[in-house]
Amino acid sequence: MSTDIMFQETIYFAAGPLRFSKSLYYRNWNWSSSHGGRRGTRAQHFYSSRATARNAPKEKVHIPGLDIVTYEAKMHYVPWLAKPVNPHWERDYKDPRHYRSPPIHEMPLYQETPCYVFNQRTNALEGVRQALWLTKSKAVSGLPPQILSLAESSANQIPHQVKRVQDAIRHACFWHTTEEQPVKYSKTLLLNLLHLCASLQSSHPLIGRRMLAENYSLAASWKRGKNLFMVRGQNGLLYKSMDPLPRVSGEQEVLNTADQALETFYPVSPTVDLQKVHTYDAEKNCTGFKEQHFYRHAHTIYFLEGDDPRCKLRPEQFRAKMIMFLFGNALVHARRLYGAKTYRVLDHPITIQAVGTDGRLFQFIVFQLNTTDLKGDDGIKNQVWLDEDAELYDSANVRPLFYRKQLKVPAGLSGFKPETFTKFLALNLHGAVTV
């Protein structure tokens, strides 16, 4: 057996650290046994990037007893002399443009125990299942029947409802923009639908005891198992009311949740995709409004998918975000009523609703907070009602779509589904219709 090794390398001593050429070639000739056989060839290439070596930070070597000659005394730059090292200058005044934050362990709110934060851009891996475990909730498919029955009566419907809803969609998709193919129209459509629901104020005076808030800040913390969790951030349009929403589930149905087991997603950790922080205030629970605010009760939160171009969530993760922010608003309100350090089953459960849309698909969620004791998996659970992916219409195109000279999608609004707006109206009338 014979071995030939050939290296091609280049070494530069004057220019700085040791550098190699782009590739090194190594070849090894292997012969088979003496009984015969063919010869094998093996080649390996080693690549070393010059840019990596050139951009690597050079380590400064200090030799004891050797003074470095700098160009500080000459008051101008000299290529063959070293750069002087000046002491750090501290200003005698406070300039916010040159602020440097202290190290994380020196901050006033630093905690050794980490906190896992769910914000408006969190993309939960397990989606709704992860949100249900974090909030200790059980999910029910579909909206409660007592809420859907509110919009079935003719006294609770809008005059010329179908035509006015279609005009609201056309206004958001075609008339409100000058683009040939509008992309973002979910907020315009949502405000148009809310305006139609507000037109029933003359027959339902309780609708006038509400207000719409935007860019509110939420902060709510709780312990689940051995970990500390927090929901905080600005998200959605908050529909606030002077009067709280009535409970959806009765006392016996709440007691039956104690026998139901929570769904797990082992081996995935519940803290996956959550932001891990060490600077936080565990005692801070705030809805973004003062205590003297007249509209104290959260009625409905409206979420807009695609409104933030830097955060695009899939429908499953979008619904998980809605559940988490519903739970955060309900938890803060419960602690204002029963105390910040009270962990118990609530005498009067807190109900909050949510509507999420991307301009065509609608997500409807009703959340009822039954307990603030969230450490263990046993006992009373909270309840969530989900109505997923309800289409308001099939398509709304400025121009028709042809494929192989055949019309596939016509221009204008097509495939309108009035039952989706019926659910939207029922959630809006919840709490305003006296039974």
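Values as computed for the structure displayed
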{"read-out": "Residue that is least open to solvent (accessible area, probe 1.4 Å) [pool: residues in the stretch 78-112 that are touching a residue at least 60 places away in the same chain (Cβ under 8 Å) and part of a loop (DSSP other than H, G, I, E, B)]", "value": "M107"}
{"read-out": "Some residue of the stretch 247-262 being within 30 Å of T113 (Cα to Cα) and in contact with a helix residue (DSSP H, G or I) (Cβ under 9 Å, 6 or more places away or on another chain)", "value": "yes"}
{"read-out": "Meets criteria (in contact with a strand residue (DSSP E or B) (Cβ under 6 Å, 6 or more places away or on another chain), over 30 Å from E291 (Cβ atoms), in a strand (DSSP E or B) and not β-branched (V, I, T)) for L407", "value": "no"}
{"read-out": "Failed item, numbered, when V248 is tested on (1) farther than 19 Å from A219 by Cβ; (2) open to solvent by 50 Å² or more (accessible area, probe 1.4 Å)", "value": "(2)"}
{"read-out": "Residue match in the stretch 269-281 (condition: free of Cβ contacts under 8 Å to residues at least 12 places away in the same chain and either open to solvent by 40 Å² or more (accessible area, probe 1.4 Å) or in a loop (DSSP other than H, G, I, E, B) (or both))", "value": "yes"}
{"read-out": "Evaluation of K341 against (1) over 30 Å from N192 (Cβ atoms); (2) modelled with pLDDT of 90 or more; (3) open to solvent by 70 Å² or more (accessible area, probe 1.4 Å) (one fails), failing number", "value": "(2)"}
{"read-out": "Residue in the stretch 302-321 that is surrounded by the fewest Cβ atoms within 10 Å (Cβ to Cβ), counting only those that are assigned to a loop (DSSP other than H, G, I, E, B) and not charged (D, E, K, R)", "value": "P309"}
{"read-out": "Given (1) closer than 20 Å to V231 by Cα; (2) open to solvent by 30 Å² or more (accessible area, probe 1.4 Å); (3) touching a strand residue (DSSP E or B) at 6+ places or on another chain (Cβ under 9 Å), index of the condition L361 fails", "value": "(1)"}
{"read-out": "Residue within the stretch 283-291 that is outside any loop (DSSP other than H, G, I, E, B), among the hydrophobic types (A, V, I, L, M, F, W, C), in contact (Cβ under 8 Å) with a residue 24 or more places away in the chain and surrounded by 12 or more Cβ atoms within 10 Å (Cβ to Cβ) present", "value": "yes"}
{"read-out": "Candidates D389, D373, D347, filtered to the one that is free of Cβ contacts under 8 Å to residues at least 60 places away in the same chain, open to solvent by 10 Å² or more (accessible area, probe 1.4 Å) and assigned to a strand (DSSP E or B)", "value": "D347"}
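Each row is one residue, and each column tells you yes or no for (1) crowded, with 16+ Cβ neighbours inside 10 Å; (2) among the charged types (D, E, K, R); (3) within 17 Å of H171 (Cβ to Cβ).
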| residue | (1), (2), (3) |
| --- | --- |
| V384 | yes, no, no |
| R404 | no, yes, no |
| K408 | no, yes, no |
| E419 | no, yes, no |
| K423 | yes, yes, no |
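The values are calculated or read from the model by the stated rules, or taken from the named source; none is laboratory data. Computed from a prediction, not measured in an experiment: that's the story for all the values here. Cβ coordinates were reconstructed from backbone atoms using ideal geometry, including for glycine residues, and neighbour counts include every protein chain displayed. What goes into the accessible areas is simple: the full protein's heavy atoms, side chains included, and nothing from ligands, DNA or RNA. Shrake-Rupley method; radii C 1.70, N 1.55, O 1.52, S 1.80 Å.
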